[in-house]
Amino acid sequence: MSALTPDVDKDPKEEEEEKEEEEGGCLNPTVVKMSQIVMPCHCNPRQELSVGQLLKWMDSTACLSAERHAGSPCVTASMDDIHFEHTISVGQVVNIRAKVNRAFNTSMEVGIHVSCEDLYLDQHWRVCHAYATFVTQRTKAGKKVMLKPLPPCTHTEHLEYSLAAERRRVRMLHDDIIRDLLASRAVEPGGSVVEKAVSAVKTRVESVELVLPPHANHQVNTFGGQIMAWMVNVATIAASRLCQAHPTLRGIDMFKFRGPSQVGDRLLLSAIVNNAFKNSMEVGVRAEAYQAEGPNRHINSAFMIFEVLDKDGKPCLLPRIRPEPVRRFEEAIARKKIRLDRKYIISRQQAEVPLSVPWDPTNQVYLSYNNVSALKMLAAHHSWRLSSEKDQVQLYTVEHPAMLSFRVEAEVDVPAHRAFTLLSELSTRHQWDPHYKECELIRRVDADDFLYRVVTPPNGGAVGSPTSPPRGEGVLQDFILLASKRKPCASGDPYVIALRSVTLPTHPPMEGFSRGEVLCAGFTILETSDNKALISYYNQASAELLLPLISTDMAGLSSSFYHTFCSCRQYLTQHRLPSHGELEQDLSSLQRTVSSESQSSESETERLTGTFTRTHL
């Protein structure tokens, strides 16, 4: 988080969304905007906007957006990770824009854009971007309020709508990732602790707040944004006790509200520095509510990352800390690993090298998210240009910086679900794709994600986007691929089969093979009329291949894509009807899936709504 004014005129993502809405004449009915001028009463001792105050404004805006769609009271269930890119000073204007990206059964995802405006310099820049999950409260009769669908309108909304399902998947697995990481003993304490280390106990802070009517929302519950602001306050005190300076809140890990609080509750807020790294520290905060009589109710926990910045806005070296107890120290290391995984996998650009990320069970969910979202973002690109068409097979291209992407598309007389079943089985792809000589299943990660080793024949073309050095004559090329398949979440969604390269310690490059890498490749399969499917194959070529493709063999490449796709279409048509054995297997799989999804849906609904609604029945 830099205290210096950035040289950015406008948040590009927000500007693009607003432009699309204006040109398309389609305004999302859930859009809510809030603008606040930063006053001294909103600021910390450095005259910068308090993050607690900003969270209150963000939560208010997002809640209004959620309730505009639901038509009923809503509460904050969780907030995804937030990274604050810049500080905001007195006199500047905070612009917050929130809208519902997607509504599920009883929960919805709200996207929040926060930007800052300097009225005197006529500059705009992005501060942060967050996703919040809101749930509807039950009616007085105890019935659940089922949300109506929110069909996307603009190009950007279609993409956010599609990716919301992937983000929901990550949220549901977040706690399991932490638990598995600690159970696997993959986290080791961060070296020996020096003698002059500060005891973690010295950073402990406890504070009690009485919930008064001004702290309640329009539903007479304690305002979620107010709870977050109080939590930021005690976390800042704990961080200050370690660094003996004014710390800057850099980010907040994903957190969930576990239960409600009402006017008259006492909120016990406790904070402690869990671990101090070289330039950052993690502070754990816990909020409990209680009445004058009765047990404490755990309503929220959060983990906040602080830095201390020098006069140039650079992070300073922090004192070491003596862990007390060790458990919190190790858990902080685990969370830091996950933050680094998320930053490296999800935030990195597709063209960054190396393309392959080391795979392990703890980063699987983020690799899978990146795999599917990259393909969906490529499919949603609005600059596709038709390059050739033959026998109703279209080849489209789109140029990116240092990359060239291809899309081969045609309608096939095969049901979409059947095409999805056939194409997602990579072990049979050699039957129609000459680029696949061998395909070995290395590991079945779960029902939707698989690890494969694919071998391509000499001079047989590329599986995806090879970036390894040119092969010698007769040299085989192999790939270690993560294959992620997704079924539609709702009507109009496509089936998705996404491929990307990963590295595995158990499968290093082998002598006699040239190891290649895949940027982004895969299929989208969309159900059309008359029980047919529109199949689109995507392939992204990296900088090493870009110039030769354009200058020497673009026509040959088009022909190769065309013949491979025709072979694929023929294979699908021949296997249009499943065999008797496949039918029995599909029926058994369907029964397990329905049972699992039913239990998962009930469990999620209770998790999100039960704790908020028991006091209202």
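The values are calculated or read from the model by the stated rules, or taken from the named source; none is laboratory data. Nothing here was measured: the structure is a model prediction, and the numbers come from that model. Glycine also receives a Cβ, built like all others from the backbone with ideal geometry; neighbour counts cover every protein chain displayed. In case anyone asks, the SASA skips ligands and DNA or RNA and just uses the protein heavy atoms, side chains included. Shrake-Rupley method; radii C 1.70, N 1.55, O 1.52, S 1.80 Å.
The table that follows gives values for the structure above.
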| item | result |
| --- | --- |
| Heavy atoms of ARG286: accessible area, 1.4 Å probe, square angstrom to 10 | 90 |
| Built amide H within the under 5 Å cut-off of SER89, gap 5+ | LEU49 |
| For region 195-301: rounded, prolate or oblate by the Cα gyration tensor [a/c cutoff 1.5] | prolate |
| Label point distance in nm, GLU324-SER301, each placed 7 Å from Cα along Cα→Cβ | 2.1 |
| Values of log10 I(q)/I(0), in the order q = 0.30 Å⁻¹, for region 211-264 under a Debye, Cα-only, solvent-free model | -1.15 |
| Convex hull per residue volume in Å³, alpha carbons only, for region 44-143 | 107 |
| Cα shape, region 397-453, gyration tensor, a/c 1.5 rule | oblate |
| Residue-normalised accessible area of region 66-189, given per residue in Å² at a 1.4 Å probe | 39 |
| Separation of alpha-carbon centers, region 398-434 and region 138-177, rounded to whole Å | 28 |
| Tail beyond 28 Å, pair distance distribution of region 81-235 (Cα, percent) | 49 |
| Distant-in-sequence amide H partners of SER199 (H built 1.01 Å from N, under 5 Å) | ARG322 |
| Carbon/sulfur fraction of accessible area - region 374-456, other protein chains in place, 1.4 Å, % | 45 |
| Two-decimal ratio, region 278-344, of alpha-carbon radius of gyration to 2.2 N^0.38 Å | 1.47 |
